Amino acid sequence: MAVLLPLRFRILHLMSTKEAGVTSAEIMQELGSDYGKEKQFKKKAMEGHLISMRALGLIEVETVSIDEKDELITSYKISEFGTGRLKFLPQAYK
């Protein structure tokens, strides 16, 4: 895709292509080649993006679990409101 979207829009687009929810680690793995060198593309910042997107109603929590390191793992999916915002994406992402 030729146009590099702002990260949060790209996260929203990624979630729209998945049937199951995605974790922050999965998002970072899939988008690392495009956004990996950006300052905002760090684990802590990614969590902040997801929390903000959830607060805005763009995404919602699908599952919550604890991994083998006793860390909280949250899986997110796009919300109905977030799906409605996809109409603002460039044609290349539709």
Report task. Tell me, yes or no, whether the range 44-66 has at least one residue that is in contact (Cβ under 8 Å) with a residue 24 or more places away in the chain, closer than 20 Å to Tyr93 by Cβ, assigned to a strand (DSSP E or B) and open to solvent by less than 30 Å² (accessible area, probe 1.4 Å). Result -> yes
Query raised in the report: What is the residue count in the range 67-88 for residues that are loosely packed, with under 11 Cβ neighbours inside 10 Å and either among the aromatic types (Phe, Trp, Tyr) or at positive phi (or both)?
Result: 2
Requested in this report: Go through the range 6-23 and count every residue that is within 13 Å of Leu50 (Cα to Cα) and among the hydroxyl-bearing types (Ser, Thr, Tyr).
Outcome: 1
Requested in this report: Could you grab me the full set of residues in the range 2-16 that are modelled with pLDDT of 95 or more and not in a helix (DSSP H, G or I)?
Outcome: none
Report task. Could you tell me which numbered condition Glu19 fails, if it satisfies all but one of (1) surrounded by 16 or more Cβ atoms within 10 Å (Cβ to Cβ); (2) modelled with pLDDT under 95? Result -> (1)
Query raised in the report: Is it fair to say Ser75 is assigned to a strand (DSSP E or B) and either modelled with pLDDT of 95 or more or aromatic (Phe, Trp, Tyr) (or both)?
Result: yes
Report summary line: Picked from the range 22-43 (must be surrounded by 14 or more Cβ atoms within 10 Å (Cβ to Cβ) and assigned to a loop (DSSP other than H, G, I, E, B)), the residue modelled with the highest pLDDT is Thr23
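The values are calculated or read from the model by the stated rules, or taken from the named source; none is laboratory data. As the structure is a prediction and not an experimental result, all values here were calculated from the model. Glycine gets a Cβ as well: all are built from the backbone with ideal geometry, and neighbour counts include every protein chain shown. Surface areas here come from the heavy atoms of the whole protein model, side chains and all, with no ligands, DNA or RNA. Shrake-Rupley method; radii C 1.70, N 1.55, O 1.52, S 1.80 Å.
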